[in-house]
Amino acid sequence: MNAPEICRWSPDEMLRLAASGVAKVDLLGPRGSTLCSMDEIAAMAAVCALHGVGPSLLSTPPSTGE
């Protein structure tokens, strides 16, 4: 059974939020990161995930070789 698709933001809104967060960090450095909203942080993570940045299966723990 597939979960219903949840659309938190439109693609344009997601990019706007992500760009706003990136601009704060770019302009103010570490201080800018403390000024990002939770939505900006989530949007930045979503943009990264949509572009293939990060682990391929987030819910699967890394293999221990056993």
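Quick note: the coordinates plus some simple rules give every number you see, no bench work behind them. Bear in mind the structure is a predicted one, so any value in this text is a computation, not a measurement. Every residue, glycine among them, receives a Cβ derived from its backbone with ideal geometry; neighbour counts consider all protein chains shown.
Of all the residues that make up the stretch 7-46, how many are in a loop (DSSP other than H, G, I, E, B) and of a type in the set (Gly, Ala, Ser)?
First pass over the stretch 7-46, keeping only residues in a loop (DSSP other than H, G, I, E, B): 7-10, 29, 35-37.
With the extra rule that they be of a type in the set (Gly, Ala, Ser), the set shrinks to 10, 29, 37.
Here the count works out to 3.
Determine the pairs where a residue that is more than 19 Å from Glu13 (Cβ to Cβ), located within the stretch 25-38, has a partner that is small (Gly, Ala, Ser) and outside any helix (DSSP H, G or I) with Cβ atoms under 9 Å apart, the partner being 6 or more residues away or on another chain.
none
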